[in-house]
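Have a look at the structure below, then the notes.
Throughout, read-outs are computed from the coordinates displayed, never taken from laboratory work. Quick caveat, the model's predicted, so the values are computed rather than measured. Reconstructed Cβ throughout: ideal geometry from the backbone, glycine too, with neighbour counts over all protein chains shown.
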Amino acid sequence: MSTSDKRDHFSLADRLILQLDQALHTLIPGSSHAQRSSPAAKAEEGELSEAERLLAAGLMRINHTGEVCAQALYQGQSLTARLPDVRDTMNHAAAEEVDHLAWCETRLKELDSRPSLLNPAFYALSFGLGAAAGAVGDKWSLGFVGETEKQVCEHLQDHLQQLPAHDQKSRAIIQQMIIDEQKHGDSAMAAGGADLPLPITAGMKLMAGVMKALTKRV
Ligand SMILES: [Fe+2]
Ligand SMILES: [Fe+2]
């Protein structure tokens, strides 16, 4: 019996406890451990001015919060969506998001910074959105993942443009994240994800804009 099959036999109380455990692992710094070594490990540490360090830290804080949201989205979805044929694919994507979370957290520390204080609020919001999308139906839930990953790729490309050219460590992390996020989005759409209506995608962009503006500083 696979892990996902076992989960299907858990009671609601068991699942809520697992969700709480997952939330604490995501939100408490130092609790998430990557399965893959960070792409930053092989990159040279560049000499950053104070302004460049602050810029890089602000961008990596945004990306870290994005990964907190990704964890919450997948967890919320796993609570309500059926996804019988793609549960393992989704679990694999969620595991890769843990890598991203841990890589961003380590890089933030190296940049002498910290994760956003607003992460619990964004976790709760994203969990609710993931659970709501899962409850509406698998094709919408998968479409929501597909659209989220598409928007994340666009914003990561934007961060590559903004990051100091010699911050090779942050750049290496973002480049690998783009590869992974693209794959997550493609898998969700290939599994039957529907294109979301324009007002929904516009609303998601608006919310992401608010998140970016707040977490760059707080
Ligand atoms: Fe990610
Ligand atoms: Fe992803």
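A dipole drawn for the range 50-215 from +1 and -1 charges on Cβ atoms has a positive end, and of Trp103, Gly193, Val210 the residue lying farthest that way is Val210. Output the relative contact order of the chain, whole-number percent, from Cα pairs under 8 angstrom with separation of 6+ residues. That works out to 30 percent. Using every pair of separate Cα atoms, the Kirkwood estimate puts the hydrodynamic radius of the range 50-215 at 15.9 angstrom.
Charging the Cβ of each Asp and Glu at -1 and of each Lys and Arg at +1, and nothing else, the dipole of the chain about its Cα centre rounds to 400 debye. Highest mean first, the peptides 154-167, 11-24 sorted by other C-beta atoms within 10 Å per residue fall in the order 154-167, 11-24.
Hey, can you rank 97-108, 118-129 by average C-beta count inside 10 Å, highest first?
Working: 97-108: 23.6, 118-129: 18.0.
With the highest mean Cβ count within 10 Å placed first, the list reads 97-108, 118-129.
Placing dummy labels 7 Å off each Cα toward the beta-carbon, the span from His25 to Val136 is 2.8 nm.
Within the same chain, lysines fewer than 8 places from Lys139 are excluded, and of the rest, those with a Cα less than 28 Å from its Cα are Lys6, Lys150, Lys183, Lys205, Lys212. Using a Gaussian network model of the chain in which every pair of alpha carbons under 10 angstrom is joined by a spring, one finds that among Leu48, Leu79, Leu206 the greatest mean-square fluctuation is at Leu206.
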